[in-house]
Amino acid sequence: MVRCRFAPSPTGNLHVGGVRTALFNWLFAKNQNGSFVLRIEDTDTERSEKRFEDQILSSMKWCGLNWSEGPDIGGEYGPYRQSERVALGFYDKYAQELVERGQAYYAVYKKSNQEEVLRTSTETPDISGDEVCTIKFRIPKGKTEFSDLSKGEMSFENENFSDFIIIKSNGFPTYNFAVVVDDHMMDITHVFRGEDHLTNTPRQIMIYRALDWEPPTFMHIPLILGSDRAPLSKRHGHTSVDHFREEGYLSVGLMNYLALLGWTVDQEIFDYHEKIKDFIPSDISNKGVVFDYEKLEWINGKHLRLLDPEELIIQFGLWLKFTGRFDYYASIESDQFYSREVLTMCREKINTLEQLFDFSAPFFSDELDYQEDYVLKYLRSNWSKDLISAAIRRFEDSFDWSVEGVEKTVRELADEKITSKKNTFQTLRGGVTGRLVTPGLFETISVLGRDKVLERLENLLEMIEYEERNLSD
RNA sequence: GGCCCCAUAGGAUAACGGCUAGUCCACCGGAUUCUCAGUCCGAAGGUCGGGGUUCGAUUCCCCGUGGGGCUGCCA
């Protein structure tokens, strides 16, 4: 039975590197019909915060990376929070065992100088009030070897390592110790993690050996880098999953991009749930990969255009609520049929839900925000009044509001040659939307419908006349 | 400093040791057209350097160079 885990530390939001690691663990677990476990590594008492844990879990759920055991749902290998495992004495027990086997020892320091070890012992030392005590692992002689699914055969001379702390002076285990104890106790069979852990692995394997435990299979995944090839961080741009969610990326799009980063598949656009059967760890590139915001956006746009119209409304609605735009959400909900028409039309030209929000705004609000360029270039022209008046007359007489019908009306209007064809189109476009960049004009007018179009054009006419009066005064 | 990982166009990748080094994003040009986008067609751009093995090296080996990681009572 294959068991994989994702073990984030709750010291910040879930970032794209983390999800990618989680994704590969998840894919492998599913591919092998195994389990995917979530464990919280909160042994850093200074930086760990519950709110980060909550955020990580929520981000994971949004990504669709469901776990079968975890801190929120428990499981037979629990608890799944290292702080709770400390309380149960798991780490102490095995640290003691290492001391008894002569493979670890106590080290006493002065509180004021924690650089210098005062004395060591194999018995619990008596310490005075100004001293603290840790347990350190003794590096054995020889060499440590293991086979990494990505990097191949790895070999390290143990003499290159020095004894390291496994139990801190506050009684908590250090990462390198806790991870071994937990992965062993939880029967983890495969560990896929970031490449930054590659040289921690021999240390961990030494502990496995010292305790007569069998290490899991390791695979170290290359890091995600920024444009300067340094590991991706805030200074390269946004990195947290929540950010991409807020920006209007679909989780299926974000996951698609992350999966594609370093992994070649025949079909580039996919839902990762469909790729479970194709997941082979060795197919993943062993090279650091630069995060490409542009390709992510392109992929997201593809997914947005692939969604069923109903699903598009659902996703858009969820996003509006997530970002607190409840009024907008209410207007989407109030007329499903209309919303569907508008959104499927608008999505042809945008890549994110945020862009969809902006692009569709003129269709859901009657308070048009006329772009300055439009006012200057088209409204304040000597033909705008005549053109709008003529348009109103034609639309009043028109009973065919299909896209084809609207096209006929508009083309006939242009044929009157009140102004150029382009000016005619752009003036109408801005007149019904306030903007110069919109979906196709015929579709736009058709979808808005007779009432809105006439109302907007008449308002526009009033605006023009109002401006004229003001100018002549 | 020590140990370790990595190296194909700007980014991501493909190529049993064997065709003119293929594809996607971005970029550039063209077509379609009412704006923008999309779509279609086309162009430009690459095997880090030096040795070696071989009939033949992107591929295997060594050395350099460059980037990255670990070397924490962070994970």
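Any read-out appearing in this document is the output of simple, stated calculations on the displayed coordinates, not a laboratory observation. Bear in mind that the values here come from a model prediction, so they are computed numbers and not experimental data. Cβ atoms come from the backbone with ideal geometry, glycine included; neighbour counts cover every protein chain shown.
Got at least one residue in segment A:393-415 being within 16 Å of RNA strand B (Cβ to nearest atom), closer than 27 Å to A:LEU356 by Cβ and part of a loop (DSSP other than H, G, I, E, B)? Yes, segment A:393-415 contains a residue that is within 16 Å of RNA strand B (Cβ to nearest atom), closer than 27 Å to A:LEU356 by Cβ and part of a loop (DSSP other than H, G, I, E, B). For A:LEU306, the conditions (1) more than 16 Å from RNA strand B (Cβ to nearest atom); (2) surrounded by 15 or more Cβ atoms within 10 Å (Cβ to Cβ); (3) over 25 Å from A:GLY17 (Cβ atoms) all hold with the exception of (1). Just so you know, in segment A:145-163 the residues that are small (Gly, Ala, Ser) and in a strand (DSSP E or B) include one that is farthest from RNA strand B (Cβ to nearest atom), and it is A:SER147. Could you say which residue among A:LEU441, A:LEU387 is within 12 Å of RNA strand B (Cβ to nearest atom) and either touching a residue at least 12 places away in the same chain (Cβ under 8 Å) or under 19 Å from A:PRO362 (Cβ atoms) (or both)? From the options A:LEU441, A:LEU387, the qualifying one is A:LEU441. Scanning segment A:108-144 for residues that are of a type in the set (A, V, I, L, M, F, W, C) and either assigned to a loop (DSSP other than H, G, I, E, B) or more than 43 Å from the chain's Cα centre (by Cα) (or both) gives A:VAL108, A:VAL117, A:LEU118, A:ILE127, A:ILE139. Contact annotation: residue pairs with Cβ atoms under 6 Å, 6 or more positions apart or on different chains, pairing a residue in segment A:395-424 that is acidic (Asp, Glu) with a partner that is within 15 Å of RNA strand B (Cβ to nearest atom), are A:GLU407/A:PHE442. Can you tell me how many residues in segment A:226-264 are buried (at least 18 other Cβ atoms within 10 Å of the Cβ), outside any loop (DSSP other than H, G, I, E, B) and more than 13 Å from the chain's Cα centre (by Cα)? Qualifying residue count, segment A:226-264: 2. Under the condition of being surrounded by fewer than 19 Cβ atoms within 10 Å (Cβ to Cβ) and more than 17 Å from A:GLU145 (Cα to Cα), which residue from segment A:190-221 is nearest to RNA strand B (Cβ to nearest atom)? Across segment A:190-221, the extreme among qualifying residues is A:ASP196. In the set A:GLY301, A:GLY324, only one residue is under 19 Å from the mean Cα position of the chain (by Cα) and assigned to a loop (DSSP other than H, G, I, E, B); that residue is A:GLY324. The set of residues from segment A:29-48 being part of a loop (DSSP other than H, G, I, E, B), over 13 Å from A:ASP183 (Cα atoms) and among the charged types (D, E, K, R) comprises A:ASP42, A:ASP44, A:GLU46, A:ARG47. Does A:ILE166 satisfy the condition of being under 24 Å from A:LEU198 (Cβ atoms), crowded, with 17+ Cβ neighbours inside 10 Å, more than 11 Å from RNA strand B (Cβ to nearest atom) and not acidic (Asp, Glu)? The answer is no for A:ILE166.
Scanning segment A:1-37 for residues that are among the basic types (Lys, Arg) and either without any contact (Cβ under 8 Å) to a residue 40 or more places away in the chain or away from RNA strand B (no atom under 14 Å from the Cβ) (or both) turns up A:ARG3, A:LYS30.
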